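The next block holds one structure in the form of structure tokens; read it before the comments.
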Amino acid sequence: MAKHDIFNEIVVSQQQIVSSVKDIAWKVKKTYANSEKVLAVVMLMGAKWFADDLFRQIDDDEKFQVCYIRANSYQGGTESTGRVTISPDIKENLTGKEILIIDDIYDSGLTLKTVTELFKEKGPADVKTCVFLEKQIEHKEQINVDFVGLNVPDEFIVGYGLDYKQMYRELPFIASIKKDVIHSGELPCLEDVI
Ligand code: 5GP
Ligand code: MG
């Protein structure tokens, strides 16, 4: 299957990804300039690609301690189930800590809201949020996101960590996927498209 059979258009190019990550890294560094330690919580799987690039760019292992949690509201399809599951549970005492929650995309806002509230219950000094992408929609859950990379249209997109049924995460760009690809049972392999 050729690339043009799968994607409608490239929504974010590789160059845009690189420059946006640099931009967020600079803002995050500036915001936490006077902080001693920041616990960065990355939401698997989608945000891992962005977070890897972000922390490579920030280049401050002493200050930023990175950990991962699994939070999912899509459960493999293309529409939110309205339910967010999180693992592992937060057992640690977070009193006084500065937390930065990182996700790939702010869509309905349900994931970020749920996760942010769970962290706030553990008594940290501060909780900030960072997403690489924000969908241009009226979010069901309005949240104040502290760091946003780029705005994207209201389409189902894949690439740079975002998947459709665990595919296309490795694409170096972000593209919207054609509806008939979503609905057809036959899924092309990554090697067919890149
Ligand atoms: P929310 O809870 O904001 O509705 O959705 C958050 C999660 O849904 C994101 O972390 C992401 O994993 C997934 N998601 C939302 N929109 C898209 C999309 O357009 N494409 C893909 N692949 N995942 C999405
Ligand atoms: Mg996610």
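Only the coordinates and a few stated rules stand behind these numbers; no lab work does. Keep in mind that what you see is a predicted model, and the values were worked out from it rather than measured. Cβ atoms come from the backbone with ideal geometry, glycine included; neighbour counts cover every protein chain shown.
Under the rule of -39500 (n - 2.57) per DSSP H run of 4 or more residues, summed and divided by the residues of the chain, what mean residue ellipticity at 222 nm is obtained, to the nearest 500 deg cm²/dmol?
After summing the helix terms and dividing by the residues of the chain, the value is -7500 deg cm²/dmol.
Computed extension gain for residue 62 through residue 125, at 0.36 nm per residue and net of the alpha carbon distance, reaches 20.8 nm. Charge dipole (Cα centre; +1 on Lys/Arg Cβ, -1 on Asp/Glu Cβ; no other charges) of the stretch 15-152 amounts to roughly 80 debye.
Return the percentage of antiparallel bridges among DSSP beta bridges fully within the chain, rounded to the nearest 5 %.
That works out to approximately 30 percent antiparallel.
For the pair residue 117 and residue 91, the difference between a 0.36 nm per residue extended length and the Cα-Cα distance amounts to 7.9 nm.
Taking amide hydrogens as placed 1.01 Å from N in the peptide plane, the amide H of residue 44 sits under 5 Å from those of 69, 70, 71, each at least 5 positions away in sequence or on another chain.
Given R₀ = 30 Å, FRET efficiency for residue 165-residue 27 by Cβ-Cβ distance, to 0.05?
Using R0 = 30 Å, I get an efficiency of 0.35.
Under 5 Å between amide hydrogens, built in the peptide plane, is the criterion, and for residue 101 it picks out 41, 128, 129, 130 among residues at least 5 positions away or on other chains. Here the extension length gained between residue 178 and residue 37 equals 46.4 nm, from 0.36 nm per residue of separation less the Cα-Cα distance. Estimated translational diffusion coefficient (Stokes-Einstein, Kirkwood radius over Cα pairs, 4 °C, 1.567 mPa s) of the chain: 75 µm² per second. Scalar couplings 3J(HN,Hα) for the stretch 141-147, obtained by applying the Karplus form with A = 6.51, B = -1.76, C = 1.60 to θ = phi - 60°, are 10, 7, 10, 8, 8, 6, 10 Hz; x denotes Gly and Pro.
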